[in-house]
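The values are calculated or read from the model by the stated rules, or taken from the named source; none is laboratory data. In this text, all values refer to a predicted model and were calculated from it rather than measured experimentally. Glycine also receives a Cβ, built like all others from the backbone with ideal geometry; neighbour counts cover every protein chain displayed. Only protein heavy atoms, including side chains, enter the accessible area calculation; ligands, DNA and RNA are left aside. Shrake-Rupley method; radii C 1.70, N 1.55, O 1.52, S 1.80 Å.
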Amino acid sequence: MRKALRWLLSFVLVIGTVATAGAATAAESGGGTDTTDIKDRILAIPGMKLVQEKPYEGYRYFVLTYTQPVDHRHPAKGTFEQRVTLLHKDTSRPTVFFTGGYNVSTNPSRSEPTRIVDGNQVSMEYRFFTPSRPQPADWSKLTIWQAASDQHRIFTALKRIYSKKWLATGGSKGGMTATYFERFYPDDMDGVVAYVAPNDVVNHEDSAYDRFFERVGTKECRDRLNAVQREALVRRAPLEKKFQEWADANGTTFTTIGSLDKAYEATVLDYVWGFWQYSLLADCDGIPAAATASDQEIYDSVDTISGFSAYTDQGLATYQPYYYQAGTQLGAPTIKLPHLGNLSRYGYQPPRNFVPRDIAMRFEPSAMRDIDNWVRRHANQMMFVYGQNDPWGAEPFRLGHGARDSHVYVAPGANHGANVAGLVPDQQAKATARILSWAGVAPEAVRKDATKAKPLSPFDAQLDRQKLERRQTLRP
């Protein structure tokens, strides 16, 4: 992530698509004793509107909007429509509240905890990501507390229907979101599973990232990546000419960041981080040898890993809310790049460079310190899962003496797509057992012996296919 931007892992922990066909009887009725159609029960909630229903075998899937206050402290000062999706299985099952921290997908998907507990899944679009943006947009209302309050209202509304246990989950910025939700509304969820959630506590202290890049993978791979990154700046003139030709052909502009040169360098500086975020050590074999590579090979490698469209006005527009938050509360990691010498003209550019200047930004250093302090002292039934080779895990959440039934796991060799299934076998079983227990659905055999824990729902190649969505520029 570019200062946090690059770090912005775009990892939306979306997992696949559901197979089509008619919904099961339980899904149709909603389960339990209320025989009212589940759609009618959902739409009876004040402010809930149906956009589309997509029936799937064993489930019903709804795309909805829910009316939210722009400012939860002053609800009378305007509202906006927030997109929400609901993968309904049965009201007798637990429910997982998922968010990726960005736009919500309107195609059915099932997060890993949803499969583990064989439950329902509610997914929320993060406020200010279009179309869930107030008009006019008062950007001062884009805060982690306001977003947590969005989740709290959705949970409160749906808990009347889905009365069993609830878990919050999400990956990357979604994992951060689930953590912040727990901090501000600790009585809502029965457990939290936060995947690859960065924790940039002190924004100007990023030496942990420097240490990470000094030892990640192998020296051979690190040297290979550093050489391509350096060569891309040595050959700045001919490669920027290619970039300009591409920009002219696609009608892209650079008003927000200020120039094509700044956009080019920002993309190049994302290169090493982007490789480790999205790729595995084995993928290093596909990195060109900088000394003998052609201009086109260097350009293509940077484009594939970082994405030259990322810092255009058009590329920045979608993720403007993220950059705003990175520059006001979340923070943005910066790393030293000694192998570049004096070739870098701008260094890691701050989030301020990626948000239009007419939007005011002021950083609040206390926001992440408060979250970190709360997790260390008060985490209860929270789980954090990281990837060993994921840069975003260099500054993870840590648990203190006040934490209860909470856990931090690291998946060996994994990137930003790390999950419970990627843990070593004994940790995988223990983590699965805790998730089942928190959701209130652990079988008797698992309660007696955690090593017997496994997901309650069978794996489905479509529904559970993990997709690590590359958002060219690095965001969590």
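Structure values in brief
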| read-out | value |
| --- | --- |
| Per residue, in Å², the accessible surface of region 64-122 once ligands and nucleic acids are set aside, probe 1.4 Å | 27 |
| Equivalent ellipsoid, region 293-415 (semi-axes from 5 times Cα gyration tensor eigenvalues, Å) | 32, 22, 14 |
| Net charge, P131 excluded, C-beta distance under 14 Å - Lys, Arg +1, Asp, Glu -1 | +2 |
| Cut-off under 5 Å, modelled amide H: who pairs with N380 long-range | R404 |
| Kirkwood Rh, Cα atoms: Rg over Rh of region 136-266 | 1.13 |
| From phi via Karplus (6.51, -1.76, 1.60), per-residue ³J(HN,Hα) for region 366-376 in Hz, x at Gly/Pro | 7, 4, 6, 5, 4, 4, 4, 4, 5, 4, 4 |
| Share of carbon and sulfur in the accessible heavy-atom surface of the chain [1.4 Å probe, %] | 49 |
| Residue-normalised accessible area of region 332-476, given per residue in Å² at a 1.4 Å probe | 48 |
| Amide H contacts under 5 Å for R133, placed H, 5+ residues apart | F128 |
| Per-residue ³J(HN,Hα) for region 252-268, Karplus 6.51 cos²θ - 1.76 cosθ + 1.60, θ = phi - 60°, Hz, x for Gly and Pro | 8, 10, 9, 5, 5, 6, x, 6, 4, 4, 5, 5, 4, 5, 4, 5, 5 |
| Kirkwood Rh, Cα atoms: Rg over Rh of region 256-307 | 1.01 |
| Residues with amide H under 5 Å from that of V408, placed H, sequence gap 5 or more | F384 |
| Lys/Arg +1, Asp/Glu -1 at C-beta; the chain dipole; positive extreme among L260, T85, T36 | T36 |
| Violating pairs (Cα-Cα greater than 26 angstrom) within the set K39/K430; K173/K336; K219/K241 | K39/K430; K219/K241 |
| Relative contact order for the chain, counting Cα pairs under 8 Å that sit 6 or more residues apart, in percent | 24 |
| log10 of Debye I(q)/I(0), alpha-carbon scatterers only, for region 211-325 at 0.12, 0.17 Å⁻¹ | -0.44, -0.84 |
| Region 92-151: radius of gyration and largest Cα-Cα distance (Dmax), Å | 13.5, 41 |
| Exposure rule at most 14 other beta-carbon atoms within 10 Å, DSSP loop trypsin sites (Lys or Arg not before Pro): the chain longest free segment | 161-335 |
| In order through region 395-409: 3J(HN,Hα) via Karplus (6.51 cos²θ - 1.76 cosθ + 1.60), integer Hz, x for Gly, Pro | 10, x, 6, 10, 9, x, 5, x, 5, 10, 6, 10, 8, 10, 10 |
| The chain: radius of gyration over Cα atoms, expressed as a fraction of 2.2 N^0.38 Å | 0.97 |
